[in-house]
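Data block below; observations after.
The values are calculated or read from the model by the stated rules, or taken from the named source; none is laboratory data. Everything numeric in this text was worked out from a predicted model, so none of it was measured. Glycine gets a Cβ as well: all are built from the backbone with ideal geometry, and neighbour counts include every protein chain shown. Accessible surface is based on the protein model in full, side chains and every heavy atom, while ligands, DNA and RNA are left aside. Shrake-Rupley method; radii C 1.70, N 1.55, O 1.52, S 1.80 Å.
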Amino acid sequence: MTKHVVNSQPQAVLSPEIKSKMRQLPVFFIALSLMLWSCGPEQAPILRFDHAAVVSAHPLASEVGASILKAGGNAVDAAVGVHFALAVVFPQAGNIGGGGFLVTRDEHGAAHSIDFREKAPAAAFREMYLDEFGEVIPDLSWKGHLAVGVPGSVAGMWAAHDSLGSLPWADLLQPAIDLAALGFALTAKEAEALNEKIDRFRTYNTRPALWWEKDVWQAGDSIHLPDLARTLSYIRDLGPAGFYQGPVADSMIAEMQRGQGIMTHEDLLAYDAQWREPLRGSYRDCEVISMGPPSSGGVALLQLLELVEPFPLSSYGFHSAEAVHLMVEAERRVYADRAKHLGDPDFWPVPVAGLLQPAYLQERMKSFSENAATPSDSIFAGNPLVLESTETTHYSIIDAQGRAVSVTTTLNGGYGSGVLVGGAGFFLNNEMDDFSAKPGVPNAYGLLGAEANAIEPGKRMLSSMTPTIVTRHDSLLMVVGTPGGSTIITSVFQNIINIVDFNMGMNVSVSAPRFHHQWRPDQIDYEKDAFDPKVIQVLENMGHKLSIRGPIGRVDAILVLPGGSLSPGADPRGDDWSSGY
Ligand code: GLY
């Protein structure tokens, strides 16, 4: 028996009223899609929902989630619906050919997390991206078939639903199938993202597919994806066996063979999603629950919060020179640790408890000066005690019972490797680039790695994804996360500080300009209008280098207001959208 048999979980029985509501969804989605195309997807800030809320990267996916919640589904049911809907309407990062992490907390405070990160195929080896001189071959881990890790999303969604879902799996898949089969209109931002990748699609694919039929995509273009609808129907009817076995698996492996990829049927059959203990730490009067290894996100976030907690950030002021300097100094120390100590805990003894020990973190800040930048060249990873073993997307959900779900999922780069599984209609990830191809050589996000994150067969590559849930006095306060590669951790960090220290509303917080430092390169990246020119001057006088850049992250979050209503924050940097009731 393989790990992906359809399970025999009793399926909830839907009332005729709920069934009829779910049946009306396709007509509603087509109408909404056309409305969004004609008026643009920008959403005026929604300030609150009384019962339940979903925030995701695409209006149609958020509406799928809200319709499941209204039909009596819980937050995990809604997550399954949103996940598969994003795989259709948001192909740059929504996926079934990628992976991610889910963190959930129920209304009684019990928290769980699922690791459905991709794995290296069995034929992967440490030097697979190096030439005969030991140098990294550009793009080999980033584009095309060799960049693909074994996908985890279908197994992850199944694991979540199997234990915590309440509505039938098939009903949760159906909205995504309807969107793929009946069609939807392209948003301007998705058209722009596609146009940047058409050449790559043509280079790495040999089978015809809609995405490279045209030279230029435009907002409002009508998208029908019958191959993807058929693939999703197999998953609806057979669960993970409809993906990791049978015709869809055959198509994936045939695609690998066409492009000299190394993933095999055995790799697909061996894939398993893992339940892992989420990390829990405190920040001021809050508890922060986040994802542990093989994501670096939770460890790094808790380290950052612990490093800044002794300082009076709220009296420094939002984006004041003092606040930015302090946060950047914490970031450079934490990213130095990340590069050395973080990797897949099934392959490397990640010293999580040591990295989070207060005494260790106090030691890390001993070289902090309030007046001067510490050059990254003088910062190295610490020696914690071993006490134990950019284009991504995030969605946040809270249901009427108070269960929260925080999921960050990715193909890695936009449209992943650019390889679309011929005949099956979905893109495969380029997650192999998140391994350290060679110590000291940065990956696509400029991140460095070492032994802990070296390539090994069956190993999960290190991630920065940081799906997070924050509570205050044991009550749910916030669900938060973002895409953004290496900037994910610092974007979540800033949003927690915006809420806890600067008392912002959720919409203001996700919209606020952001900055980022990752130890190397030794510079503060910042968004346009993030800093007053006088603040830039003070930071430069302290010895910081600053570099303006494009958008940092797309934070989708929900804040629970005093009294219990839900205030969503859909990041205006994308098509992100909140829905609920
Ligand atoms: N692929 C980006 C990450 O996992 O951090």
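If you line up the Cα atoms of region 370-519 on their principal axes, what length do they span on each, largest first, in Å?
53, 43, 35
Ignoring ligands, DNA and RNA, what accessible area per residue does the chain give at 1.4 Å, in Å²?
Using a 1.4 Å probe on heavy atoms only, each residue of the chain averages 35 Å².
Taking 20 °C and 1.002 mPa s as the conditions, I'd like the Stokes-Einstein D for region 505-557 in µm²/s, using the Kirkwood hydrodynamic radius from alpha carbon pairs.
My calculation gives 178 µm²/s for D.
What pairs from Lys143/Lys438; Lys119/Lys366; Lys119/Lys197; Lys189/Lys545; Lys189/Lys214; Lys119/Lys528 go past 28 Å between their alpha carbons?
Correct reply: Lys119/Lys366; Lys189/Lys545; Lys119/Lys528.
Pop a pseudo-label 7 angstrom from the Cα along the beta-carbon direction at both Arg284 and Gln357 and give the gap in nm to one decimal.
2.9
To check you understand DSSP bridge types, tell me what percent of the beta bridges within the chain (both residues inside) are antiparallel, rounded to 5.
Antiparallel bridges: around 90 percent, rounded to the nearest 5.
I'd like to compare 75-84, 356-365, 431-440: which one has the highest average count of other Cβ atoms within 10 Å, and what's the full order after that?
75-84, 431-440, 356-365
Assuming R0 = 30 Å, can you tell me the calculated FRET efficiency for the pair Asp237 and His265, based on Cβ-Cβ distance, to the nearest 0.05?
Calculated value: 0.90.
Taking amide H positions as placed 1.01 Å from N in the peptide plane, with prolines and chain starts having none, which residues 5 or more places from Arg276, or on another chain, fall under 5 Å of its amide H?
The answer is Ser113, Ile114, Asp115.
Compute from the Cα atoms of region 74-201 the Rg and the Dmax, the latter being the longest Cα-Cα distance, and quote both in angstrom.
Cα radius of gyration and Dmax of region 74-201 are 18.1, 57 Å respectively.
Could you please state, rounded to a whole Å, how far the C-alpha centre of region 223-288 is from the C-alpha centre of region 346-407?
The distance from the Cα centre of region 223-288 to that of region 346-407 comes to 28 Å.
What's the ranking of 166-172, 402-408 by average number of surrounding C-beta atoms within 10 Å, highest first?
Top to bottom by mean Cβ count within 10 Å: 402-408, 166-172.
Quick one: grab Rg to one decimal and Dmax as a whole number for region 117-169, Cα atoms only, in Å.
Reported Rg and Dmax, both Å: 16.9, 55.
Of all the accessible heavy-atom surface of the chain, with the other protein chains kept in place and a 1.4 Å probe, what percent is carbon and sulfur?
55
Extending each Cα 7 Å along its Cβ direction at Asp139 and Asp215, get the distance between those two points in nm, one decimal.
Each label point lies 7 Å from its Cα, and together they span 2.1 nm.
Between region 293-318 and region 509-581, what is the separation of their alpha carbon centroids in Å?
15
Just to verify a number: FRET efficiency for Gln257 and Glu322, C-beta to C-beta distance, R0 = 56 Å, to 0.05?
With R0 = 56 Å, the Cβ-Cβ based efficiency is 0.45.
When all alpha-carbon pairs of region 327-377 are counted, what percent fall beyond 18 Å?
Cα-Cα pairs in region 327-377 separated by more than 18 Å: 36 percent.
Largest first and in whole Å, what are the equivalent-ellipsoid semi-axes of the chain based on the Cα gyration tensor, each being the root of 5 times an eigenvalue?
34, 28, 23
Would you mind checking region 286-315 for residues with the amide N under 20 Å from a putative spin-label position 7 Å along Cα→C-beta of Lys534?
It comes to 313-315, nothing else.
If you average 1/r over all unlike Cα pairs in region 416-486 and invert the result, what Kirkwood radius do you get in angstrom?
14.8
Taking the radius of gyration and the Kirkwood hydrodynamic radius from Cα positions alone, what is the Rg/Rh ratio for region 152-286, to two decimal places?
1.05
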